[in-house]
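Here's the structure we're looking at; comments come further down.
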Amino acid sequence: MPPTIHIVRHAHAAHQIDAPGIGFDPHDPELTQDGIRECEGLAAEMATLGGIDLILCSPMKRTIQTALAAFSSYTESKKIVLLPDLQESGIGQTNTGSSLDELVSRFGTAALDFYYVTPDWTDNGTGTRYDSAASASRARATRLFIRTIAQHYRDTDANIVVVTHSLYIRNLVPRAFGVFNNTEWGSFRFNSLARDDGDAELREVPCSITRKKRLNRIPRDNTFNVSVPVPLAAKEAIRAKRKRDEESHPPGCSTTTGVHEVPAVR
C-alpha cells in the first residue's frame, strides 16, 4: 500500500486570542496554554497510527511547538524536518517567521533538522517565493517534494506527517472540505506516485472522511452538484458503496506496526 500523508494544523496560538482593539498582530506567535493542552489530545489520536516514519513541519514557532509536543516519542530517535515551504500563506507579523538563529536558540537542534531553513526563509514580501499570492504554486512545489519522499516508501504503509497552517492547507489540498480547526488532521494519498501527475494531487482517504463525519466536520456529502436528475437506483447504489467504504477501514487510518528507515530528503 502506498504511504499515507497526514496533514495537521497547529494548536491554538497567541494570535487567536480575542484581543481588544484592531490590528493585533504578534510576530511569530507561540502556543497558548490551551494549545499545549490540545497537543495532548492530538498525541493520543496520532498514536493510533502505530508509528510515524517522517515528520515535516513549518518552521514557525506555533507549528514547531505543536510537533514537539504531539510527537515527543518520535523525537527520541528521529528529527523533525523543518520545511520553509510549509509556512503560512497570510500576511503580517503573525505569518512572518523568526530568524534561523532565534529558532536554534529557542528550540535547539537535538530534535529539529534545520537543513532547509535558509536565512531568507522569513522574506514573504511581494514577488518572493513566500508571497501569499504565490501560495498555490508553492503548494504544488511542496506536493512534488513530498511525493519524491513518498516514493522511497512505496508499498510500505508508511505514515508521513505534515504540520502546517490553515490557509496553506487550503492550497496544499484544495479538495479537502472547509478550514481545519486547531490540531485537526486529515489523511491523504497521492493520486499517483508516478511523475506523470504534474500536480501531485492529494486525495483524502475514505477513513479520514468518515472520521470527520463522525466529528460532524462534514455537514454534506462530499459529492459534486449535477445538472441532471440522478435515478433513484443509482442513488441507492452510491449510498451502499459509500457505506461499504466507510465500514471497510482502509489502510492509512488503521494501526501499523512496521518500522521503516527514514530516507535522505536532502
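The values are calculated or read from the model by the stated rules, or taken from the named source; none is laboratory data. As the structure is a prediction and not an experimental result, all values here were calculated from the model. Virtual Cβ from ideal backbone geometry, glycine too; neighbours counted across all protein chains shown.
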For this session: Sort out which residues of the stretch 82-94 are buried (at least 22 other Cβ atoms within 10 Å of the Cβ) and either of a type in the set (A, V, I, L, M, F, W, C) or at pLDDT below 95 (or both), and write them in order of number.
Result: Leu82, Leu83, Leu86, Ser89
Problem set entry | Gly92, sole failed condition from (1) out of contact with any Leu (no Cβ under 6 Å at 6 or more places or on another chain); (2) at negative phi; (3) touching a residue at least 60 places away in the same chain (Cβ under 8 Å) | (2)
Exercise. Where residues in the stretch 144-170 are polar (S, T, N, Q) and buried (at least 19 other Cβ atoms within 10 Å of the Cβ), which of them is farthest from Ala134 (Cα to Cα)?
Worked result: Asn159
Exercise. In the stretch 28-37, what count of residues is obtained for those that are part of a helix (DSSP H, G or I) and under 24 Å from Pro84 (Cβ atoms)?
Worked result: 1
For this session: Would you be able to say whether some residue in the stretch 52-70 is modelled with pLDDT under 95 and farther than 21 Å from Val179 by Cα?
Result: no
Problem set entry | Candidates Asp113, Asp101, Asp131, Asp123, filtered to the one that is acidic (Asp, Glu) and touching a Gly at 6+ places or on another chain (Cβ under 9 Å) | Asp131
Problem set entry | Identity of the residue in the stretch 199-226, in contact with a Lys or Arg (Cβ under 8 Å, 6 or more places away or on another chain) and modelled with pLDDT of 85 or more, that ends up surrounded by the most Cβ atoms within 10 Å (Cβ to Cβ) | Leu202
Exercise. Which of the residues that make up the stretch 47-86 are outside any helix (DSSP H, G or I) and more than 23 Å from Tyr153 (Cα to Cα)?
Worked result: Pro59, Met60
Seminar exercise, completed: Of the conditions (1) of a type outside the set (Phe, Trp, Tyr); (2) within 20 Å of the chain's Cα centre (by Cα); (3) over 21 Å from Leu202 (Cα atoms), the single one that Leu49 does not satisfy is (3)
Exercise. Do we have any residue at all in the stretch 32-39 that's polar (S, T, N, Q) and in contact with a strand residue (DSSP E or B) (Cβ under 7 Å, 6 or more places away or on another chain)?
Worked result: yes
Seminar exercise, completed: Residue pairs within 6 Å by beta carbon, gap of at least six or interchain, first lying in the stretch 30-41 and within 13 Å of Arg9 (Cα to Cα), second among the β-branched types (Val, Ile, Thr), listed first then second, are Glu38/Thr183; Cys39/Thr66
Exercise. Taking the stretch 128-172 only, how many residues are assigned to a loop (DSSP other than H, G, I, E, B) and closer than 25 Å to Leu68 by Cβ?
Worked result: 5
